[in-house]
Amino acid sequence: MTTTPSFQGTHLFDRLCWAKENLDGVQSDYRVVYEDSIDECAKILVPDPNWMACALQGGILPPVWVYHELAKDEAQPDFKKHTRGYLLHNTEPVDAMTEEEAIEYLIMKDCPQSVWQTWDEGNKPKMVICRKEQLPASREWRNAWKITEELSVTDLAA
Amino acid sequence: MAGKIIADTLEHSTAGSLDTSYVVNGSAKSWMNLTGTGTIAVNDSLNVTSCTDGGTGRYKPQYTNSFSSVNYTPQGIDDNYGVGWANAYTTGEVQNVRGNNSFSVLDAGIFSFSAHGDLA
């Protein structure tokens, strides 16, 4: 197995270039289906294979809270440019994750917080983790896809 | 890292010289090749965490290393009409929409994307 160099303090983009050169991509079978607006169809989050390789390898990616801090900065009305980009590069990278832990990280990074913080509140779940085989094979009526109301939280926990 | 060369200028024996800032600033900081039909899948990429399928013809790559500001330049092309636009973009993601000659939204068999700009 390839050993990850000590990357703390190395620019994140340089780490990604290292990973691109040294790690094989990992296609995940997991997909995250979520709804962030009642007026829009369900969205499907597809993990990137090169990112997944970094997550499984460990020592490359920053902790997910770094992205939340940058998002807070960007949400300021007078935001023009990131001034805390060093958080991406200087924060100690996270250890190797399992594929399931990587999906959790991905949800907290790339799904709206309004979805993952309250995914099981309301009449039906706003978010479901599934395998790609469980999605419709055809994209017919794609803009009408919704998470079914019959899907209870109990079903998800099973 | 091993094999590191620090240089401000590259010089060719006859063709002149090039400031390496051209290389650093001019290289794509993110790219992605994606199958946009069926169950969409990212085929290959650099600096992408995930891609969100937001409905017909809507593909949103999210970056691992964010851009420093929203003043970066995403661009994309597909195997249909090559018609598309970007909206709702932040330093961490950009929503790409693909369409036909009438600007009706359409899934792309293959969608290719890249973005240039300064990283955070």
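No lab work stands behind these numbers, since they all come straight from the coordinates. Computed from a prediction, not measured in an experiment: that's the story for all the values here. Here Cβ is always computed from backbone atoms with ideal geometry, including for glycine, and neighbour counts include all displayed protein chains.
Of note:
- Among the chymotrypsin sites (Phe, Trp or Tyr not before Pro) found in region B:72-120, not one is both in a DSSP coil and sparsely packed, with 11 or fewer other Cβ atoms within 10 Å of its Cβ.
- For the protein assembly as shown, pairs of C-alpha atoms spaced more than 28 angstrom apart make up 38 percent of the total.
- Theoretical FRET efficiency, 1/(1+(r/R0)^6), r = Cβ-Cβ of B:THR9 and A:SER6, R0 30 Å, to 0.05: 0.50
- Residues whose placed amide H lies under 5 Å from that of B:THR56, excluding near-sequence neighbours: A:ASN143
- Region A:12-157: C-alpha gyration tensor shape, a/c 1.5 cut-off, then a/b vs b/c: oblate
- Rough spin-label spacing in nm, given labels placed 7 Å along Cα→Cβ, for B:ASN100 and A:GLN113: 4.2 nm
- The label point for A:LYS124 and the one for A:THR83, both projected 7 Å from the Cα toward the Cβ, are 4.6 nm apart.
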